[in-house]
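Report on one structure; see the data block that follows.
The values are calculated or read from the model by the stated rules, or taken from the named source; none is laboratory data. It should be emphasised that the depicted structure is a prediction, and the values quoted were computed from it without experimental measurement. Methodologically, a virtual Cβ is constructed for each residue, glycine included, from the backbone with ideal geometry; neighbour enumeration extends over all protein chains shown.
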Amino acid sequence: MSQIVNLPRSMYKNKHELFEQVFQAILKSGEDGVFQTEICKEFSLDSRDGSRLAGNLEKQSLISREKILHKGRWTYKLIVKKSAIAEYNRKPIQIECVEGAPCFSCAYQHSCSSEDEASPYSPAKCVWLEEWIVAGFEKGNMKNEK
Ligand code: SF4
């Protein structure tokens, strides 16, 4: 699997930090949301990486993406979901809980969809995701047994 986001290394320690900062930026834009192109510009991401990162946030139900025509070009408006705002206000996102998730580096992410039933890739059918979740449970159980 390929690295999902080519980080501008001088700015971020790792992709989880970038992930957190992008989410914060979208969160700050409130109900109006922010254009994906603006996020790409702000975080020096190319459009492919910006799209994958936004896709990750969407898959985790943290944001919604609306396709929109802006200045003659199609882009997405990124809006934080109300449920995510409520959750975030309750406690900050635990980045550790998504650490190592296969979706971050999945080569099929662009065609993975939980809504398109014709897609061969979806979180519900994904063996990689299942393996990662099971491994997480096993790790958690081992911790609890100590
Ligand atoms: S659910 Fe599976 S197929 Fe879809 S992006 Fe994640 S790892 Fe890839």
task: Hey, can you tell me all the residues within segment 102-120 that are surrounded by fewer than 17 Cβ atoms within 10 Å (Cβ to Cβ) and closer than 15 Å to ARG48 by Cβ?
output: SER105, ALA107, TYR108, HIS110, SER111
task: May I ask you to verify whether ALA101 is closer than 26 Å to VAL134 by Cβ and either touching a Ser or Thr at 6+ places or on another chain (Cβ under 8 Å) or at pLDDT below 85 (or both)?
output: yes
